[in-house]
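Taking it in order: structure first as structure tokens, then the write-up.
Derivation of every value follows stated rules applied to the coordinates shown; laboratory data play no part. Computed from a predicted structure; not experimentally measured. Reconstructed Cβ throughout: ideal geometry from the backbone, glycine too, with neighbour counts over all protein chains shown.
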Amino acid sequence: MPFLSDTIARVKPSPTIAVTVMAAELKAAGKDVIGLGAGEPDFDTPQHIKDAAKAAIDAGKTKYTAVDGIPELKKAICAKFARENGLTYQPNQVTVGTGGKQILYNALMVTLNPGDEVIIPAPYWVSYPDMVLLAGGTPVTVAAGIETSFKLTPEALEAAITPKTKWFIFNSPSNPTGAGYTRDELKGLTDVLMRHPHVWVMSDDMYEHLVFDDFEFTSPAQIEPGLYDRTLTCNGVSKAYAMTGWRIGYAAGPVALIKAMATIQSQSTSNPCSVSQYAALEALTGPQDFLVPFLEAFQRRRNLVVDGLNAAPGITCPKPEGAFYVYPDISGCIGKTSAGGTLIENDEIFAKALLQETGVAVVFGAAFGLSPNFRVSYATSDSVLEEACTRIQRFCNGLT
Ligand code: PLP
């Protein structure tokens, strides 16, 4: 009898780890490595949020809490949805978990049965397909390539829906592309979903606040109220509030689903960290003005990186609407040989050669389900990004 379960055999370790490990090894060996792989802001958590956490500790808020969130935080989340998204939820429709990741995982675990399909536009955040597999479902990836600015078309969504489709996972702005759907583009998708009442919508709005150039963020249940009863609107404080380590995510949706998610949480992790919940409460209810300099920096860096990458021969880099990633296409580099003698057969080999020959660590596109590309996280300083672009240009100029 094998010791490890069939469940764990269904999933693979994160494909991004190979690049991360290699980058760490090169760094340890004294090589000058620039890491553009991290999926988190380089900013510190705003001071008023840290102060709220310290006050919570001093006030003894260090015990178990209600399994899926303290009432004050649930109330603040309802207020946030009303204020920012025009969505009306009651506290019993809200759940709080240990990061956005646990929220998505709980929802899939309590809804998927063997054979149930989940539509995931590709490129996708690496965890979606594996979470679906862990929960016993079948991921159905649908290509949303550079020709449609990395956005799923209504036709492609329609074609992917079957009687077995349980969820459609929607992520705008997206990790890994930064692509954000306009109101009209999203309406095109919600119109399709209205024709298929058995399909639920999991909207992962994690990058809601990180949008540029007056882009208007919208969420499916806001665009199409007819989807309200079958939409789970997911969000969290990790990215916009520079709180990745605090581990607070949340969602709102129909009561029966939210209750089931609380049940699975009660039998796995129990409440998310009490202190972090008070920090998240301050994040959602306190001043939001720190976001202005965050956004200015991210927008400036996005422009810098898009220009820098487009100056490299063989690379085409669209300018995304949000998040802190770009996802350049490297079709023009495939089949060439690097100055160090590596034949660039695919994006994984490209990323490895780039790291070995220039010290720039990026994540290859195959990890996100769409090739040949790589993902750059530009959540690092302008000077580091400038140096990285210079090295990438040199690498591409050396391809023959
Ligand atoms: N959703 C997307 C699209 C993400 O990129 C991430 C983090 O990388 C998450 C969810 C999970 O966020 P958290 O750190 O709150 O678990």
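Computed values, structure above
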read-out	value
Separation between Cα centres of the range 1-74 and the range 162-221, rounded to whole Å	25
C-alpha center-to-center spacing [the range 265-296, the range 346-400] in angstrom	32
Most fluctuating residue given options 288, 93, 299, as computed from a GNM of the chain linking Cα atoms under 10 Å	288
DSSP-defined antiparallel bridges as percent of all bridges, the chain, nearest 5	45
Whether the range 99-209 is rounded, prolate or oblate, judged on the alpha carbon gyration tensor where a/c under 1.5 counts as rounded	oblate
Length-normalised contact order for the chain - Cα pairs under 8 Å, 6+ apart - percent	23
Rounded D (µm²/s) - the range 1-136, Kirkwood Rh over Cα pairs, Stokes-Einstein at 10 °C, 1.306 mPa s	82
Theoretical gain in end-to-end length, residue 307 to residue 155 [0.36 nm per residue, Cα-Cα removed]	51.5 nm
Length released on extending from residue 339 to residue 184, taking residue separation times 0.36 nm less the Cα-Cα span	51.3 nm
For a label point 7 Å along the Cα-to-beta-carbon line of residue 25, residues of the range 346-368 with backbone N under 12 Å	356
Alpha carbon Rg of the range 30-83, scaled by the compact-globule rule 2.2 N^0.38 Å	1.74
Longest to shortest principal axis, alpha-carbon extents of the chain, angstrom	60, 55, 52
Residues 32, 191, sorted so that the one with the fewest Cβ neighbours within 10 Å comes first	32, 191
Sequence ranges 318-325, 226-233, ranked by mean other-Cβ count within 10 angstrom, highest first	318-325, 226-233
Span-like helix ranges in the chain, DSSP H, alpha carbon extent 15 angstrom or more, Kyte mean at least -0.5	17-28, 47-58, 99-109, 183-194, 255-266, 274-285, 291-310, 347-358, 382-397
Quarter of the Cα convex hull surface for the range 128-174, i.e. its orientation-mean projected area (nm²)	3.6
GNM top mover of 64, 250, 207 - the chain, alpha-carbon springs below 10 Å	64
Long-range HN-HN contacts of residue 142 with modeled amide H, under 5 Å	120, 122
Residue 1-residue 148 pseudo-label distance in nm [points 7 Å out on the Cα-to-Cβ vector]	4.7
The chain, helix-only ellipticity at 222 nm - DSSP H runs n ≥ 4, -39,500 (n - 2.57), divided by all residues, nearest 500	-12000 deg cm²/dmol
Choice from 13, 121, 154 with maximal GNM fluctuation in the chain (Cα, 10 Å cutoff)	13
Counting DSSP beta bridges with both ends in the range 63-285, the antiparallel % (nearest 5)	30
Cut-off 15 Å (backbone N to label point 7 Å along Cα→Cβ of residue 400), residues of the range 335-356	336-344
